[in-house]
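Below is one structure; the comments refer to it alone.
The values are calculated or read from the model by the stated rules, or taken from the named source; none is laboratory data. Worth saying up front: this structure is predicted, and the values here are computed from it rather than measured. Cβ sites come from the backbone with ideal geometry, for glycine too, and all protein chains shown count toward neighbours. Accessible surface is based on the protein model in full, side chains and every heavy atom, while ligands, DNA and RNA are left aside. Shrake-Rupley method; radii C 1.70, N 1.55, O 1.52, S 1.80 Å.
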Amino acid sequence: MRAGVFRGAGLLTVEEVPDPVAGPRDVLVEVAACGVCGSDVHVWNAGRDEWAGQVMGHEFAGTVLEVGAEVDGIRTGDRLTGLPIQPCGECDRCRAGLTHLCAVWTTRSIAFGLPGAFAERLRIPDARLGYNVHRLPGGVTVEDGALVEPLAVAVHAVRRAGAVTGRSALVLGLGPIGLHAGQALRAGGADPVFGVDRSATRRAVAASLGLVALDDATAAGQVDVVVEASGAPALVEQAMTATRPGGTVVLVALYHRPATFDAMGAVQREITVRGSANVTPQDFTDAIALLADGRAAAAPLISHRYPLAEIQQAFHTQADQSGSVKVLVTDRKPDTSGQP
């Protein structure tokens, strides 16, 4: 089969690789769509040697082709998405119930050690319905399904903020995670929800989703909850400044350089700072429910689609934060019929 293989800094090649084989506890999926994540772009830009030969792609959805004999509740033809994380179940974090923080998940997960979903087919190991695989309900398209993972990341971040009903909120950075965080905040009852980004393209999407879109955080004043989703170290301090006394800052982005902020100010105003990493099965369940009942939307975030053969261009486009939002790799034509 064909797959997009990372071969070094700025280089993804479409190659013929061995077909995946489903074991007795696995499912084999025909990939319908896979999103390009900001973390993918970072690896692609950085050219980390340990990633050479990796089939990337962890935001996926598709149709089940084969079901292992020991797998329950899944049938061929089911439309699925799933968690890329495959926890070991044995480290201290897993034994403490923090499987999404597994100490070794980056070596044994889909697109992180195991082959990813920038491919025609994908093996999902140890498939458990409602745990690491989730069926897409009617009305949720496979393209929506490819955006469940980033929506679940945002759901997890908002969960980390605590109760948000009736509280004002601000999202810094309106990439896919930030836009989804804004939707999750609104679904949780936060009002108003401000969103800040320098990109007019991304602000326009935010406004269409009901956020108050701004290009300057100071225009929002101080708010109860800030979700920092930009990954820009300088904006961590801005997040602190934008938070009211007693408020909460959730850091959900990936930071590749140290960030500094006024710690005394955080102390004197009793700001709660929380990190948010990865997703849990419950986050996936909740994300799919948000899409199914219309409290969140995925389609407005999809700015570009490329076939697998053009995956290199897909990465170039996703890297352009001013002109793109979410890039999908899919060989399917977009479905405008309203059918899933």
Based on alpha-carbon centroids, what's the gap between the range 248-311 and the range 90-160 in Å, whole number please? 15
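Which value, in debye to the nearest 20, gives the size of the charge dipole of the chain about its Cα centre, when Lys and Arg are +1 and Asp and Glu are -1 at the Cβ?
Details: 29 positive and 36 negative charges, 104 e Å.
Computed about the Cα centre, the dipole is about 500 debye.
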For the chain, modelled as a Gaussian network with Cα springs under 10 Å, which listed residue fluctuates most, GLY38, GLY57, GLY162? GLY162
Just to confirm a number: summing +1 for Lys and Arg and -1 for Asp and Glu over residues other than PRO300 whose beta-carbon lies under 15 angstrom from that of PRO300, what do you get? +3
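Tell me, which longest segment in the chain has none of the GluC sites (Glu not before Pro) that fall in DSSP loops with at most 13 further Cβ atoms within 10 Å?
Formally, the longest exposed-site-free interval is 91-269.
Any idea what the dipole of the range 1-159 comes to, in debye rounded to 20, about its Cα centre with Lys/Arg Cβ at +1 and Asp/Glu Cβ at -1? Please list the in-between numbers first.
On the way: 14 positive and 20 negative charges, 70 e Å.
It works out to roughly 340 debye.
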Would you work out which of THR76, VAL226, GLY4 lies farthest towards the positive end of the dipole of the chain? Charges go on Cβ: Lys and Arg +1, Asp and Glu -1. VAL226
Which value at 222 nm does the chain reach when only helices count, each DSSP H run of 4 or more adding -39,500 (n - 2.57), with the total divided by all residues and rounded to the nearest 500 deg cm²/dmol? -7000 deg cm²/dmol
Could you state the angle between the C-alpha long axis of helix 281-292 and the longest principal axis of the C-alpha atoms of the chain, as a value from 0 to 90 degrees rounded to the nearest 10? 80
Gap separating the Cα centres of the range 60-87 and the range 223-243, nearest whole Å: 37
Suppose a student asked you for the relative contact order of the chain, using Cα pairs under 8 Å spaced at least 6 residues apart; what percent would you report? 18
Could you please report the charge total around ALA314, scoring K, R as +1 and D, E as -1 over all other residues with beta-carbon less than 13 angstrom from its beta-carbon? -3
Which residue fluctuates most in the GNM of the chain (Cα springs below 10 Å): PRO245, PRO84, PRO150? PRO245
Connecting C-alpha atoms closer than 10 Å in a GNM of the chain, tell me which of THR13, THR317, THR165 has the biggest fluctuation. THR165
Using alpha carbons only, how many degrees (0 to 90, rounded to 10) separate the axis of helix 148-160 from the longest principal axis of the chain? 40
Among MET264, VAL249, GLY275, flag the residue with its Cα farthest along the positive direction of the charge dipole of the range 228-303, charges on Cβ as +1 for Lys/Arg and -1 for Asp/Glu. MET264
If every Lys and Arg gets +1 and every Asp and Glu gets -1 at its Cβ, then about the Cα centre the range 127-169 yields a dipole, in debye to the nearest 20, of 280
Keeping the other protein chains in place, figure out the carbon and sulfur percent of the accessible area of the range 95-232, with a 1.4 Å probe. 51
